[in-house]
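What follows draws every value from the coordinates through simple rules; no lab data is involved. A quick note: this is a predicted structure, and the numbers were derived from the prediction, not measured. We place every Cβ from the backbone using ideal geometry, glycine too, and count neighbours over all the protein chains shown.
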Amino acid sequence: MDAESRLLSVIERFESAVVAYSGGVDSTVVAAAAHRVLGDGRMQAVIGVSPSVARSEVEAAFRVARVAGFPIRTVATNELSDTRYVANEPSRCYFCKSELYSVLDRVRQACSFEVVMDGFNRDDVGDFRPGAKAGQEHRVVSPLKEAGLGKEAVRAVARKWRLPNAEKPASPCLASRIPYHTRVTVTDLKQVEEAEAALHRLGLTEVRVRHHDSVARIEVPANKIAMVVENREAIVDAVKKAGYQFATVDLAGLKSGGFNTFLNEKMLLQ
């Protein structure tokens, strides 16, 4: 059985589902698969909206859903009211996902649907993912993981189904730009969002602005560092308009989950 068939087979076990949707490739494939199996009346994609999520990501998620043809709605999440999330320990994502899944479970109950599904895939199993524990506690179903689909298999299905975000790079929440043990504030999240939006407009489609108080540490793929240098003045101006005093570029290049890499290195040294 191929990857597509395995995925659809997992979803066929359920009568109805709310899909935790972010607009990323993984959750889009799950939403599209659920829609193929269950149809409009028995599935609903739901995206959580809060200051931790860039407005551009929400807008893009809606565009993808319209093209793919599955129903989408938003819900407000309030993870910033949780002092444990705000404290920004390495377990931060657990509290964020706990809030999200609690909200989605209320949506599920209101719709009289059977389960909540997410986009957790096979390759996420060995990664540092505190949010996975929250999913287990809330009995969230992970069709990609159950079907044995890793990241490349998921993208292959997205391409086959002609989903418009099949090549979309990963885009974690804005709080991931703030170093662990530095409090997460709405002000800092907005500052990161504004700086990244400005860099997107300058043509840097894959970029992270790591927030170090007055310093914006810019990460782009290594082959785009020359582009940053060539557009130095415009980038410095954009970052300063967002409220930073200094702009730096990380010569190591973009590392998704960059602060997790540092965390893992510290653990190995202990």
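From helices alone, the chain scores -14000 deg cm²/dmol at 222 nm; the rule is -39500 (n - 2.57) for each run of n ≥ 4 DSSP H residues, then divide by the residue total. For Lys241, the lysines whose Cα comes closer than 20 Å to its Cα, not counting residues fewer than 8 places off in the same chain, are Lys190.
When the charge dipole of the chain is built from unit charges on Cβ atoms (+1 for Lys and Arg, -1 for Asp and Glu) and taken about the Cα centre, the candidate among Gln44, Asn121, Pro179 whose Cα reaches farthest toward its positive end is Gln44. Within 14 Å, Cβ to Cβ, of Thr83, how many net charges do the neighbouring residues add up to if Lys/Arg are +1 and Asp/Glu are -1? Net local charge, Thr83 excluded: -1.
Cross-link pairs exceeding 27 Å in C-alpha to C-alpha distance, out of Lys97/Lys151; Lys133/Lys224; Lys133/Lys240; Lys97/Lys168; Lys97/Lys255; Lys151/Lys224, comprise Lys133/Lys224; Lys133/Lys240. Placing +1 on the Cβ of every Lys and Arg and -1 on the Cβ of every Asp and Glu, with nothing else charged, gives region 81-209 a dipole about its Cα centre of roughly 240 debye. Counting only DSSP beta bridges whose two residues both lie in region 174-269, roughly 55 percent are antiparallel.
Each residue in Asp118, Asp2 was given a count of other beta-carbon atoms within 10 angstrom of its own, and listing them fewest first yields Asp2, Asp118. Each of Thr74, Thr187 was scored by other Cβ atoms within 10 Å of its Cβ. Arranged with the fewest first, they read Thr187, Thr74. As a proxy for reagent exposure, Met227, Met117 were ordered by neighbouring Cβ count within 10 angstrom, fewest first; the result is Met227, Met117. Local charge for Val220 was computed over the other residues whose Cβ lies under 15 Å away, with Lys and Arg +1 and Asp and Glu -1, and equals +3. Taking every alpha-carbon pair under 8 Å whose residues sit at least 6 apart, the chain reaches a relative contact order of 18 percent.
Antiparallel beta bridges, as assigned by DSSP with both residues in the chain, represent about 25 percent of the total such bridges. Cα centroids of region 171-239 and region 1-79: how far apart, whole angstrom? Here the answer is 27 Å between Cα centres.
Hey, what angle do you get for helix 55-68 against the long axis of the chain, alpha-carbon based, 0 to 90 degrees rounded to 10? The angle comes out at about 30 degrees. Evaluated with a Cβ-only charge set (Lys, Arg +1; Asp, Glu -1), the chain carries a dipole of roughly 200 debye about its Cα centre, given to the nearest 20. Build a GNM of the chain with springs between Cα atoms under 10 Å apart, and of Phe62, Phe14, Phe70 the one that fluctuates most is Phe14.
Full extension of the chain segment joining Val215 with Arg232 gains 4.6 nm, where the gain is 0.36 nm per residue of separation less the Cα-Cα distance.
Cross-link partners for Lys160 among the aspartates and glutamates, with Cα-Cα distance under 13 Å and sequence neighbours closer than 8 places in the same chain left out: Asp2, Glu4, Glu152. If R0 is taken as 30 Å, the Cβ-Cβ distance between Trp161 and Val58 corresponds to a FRET efficiency of 0.85.
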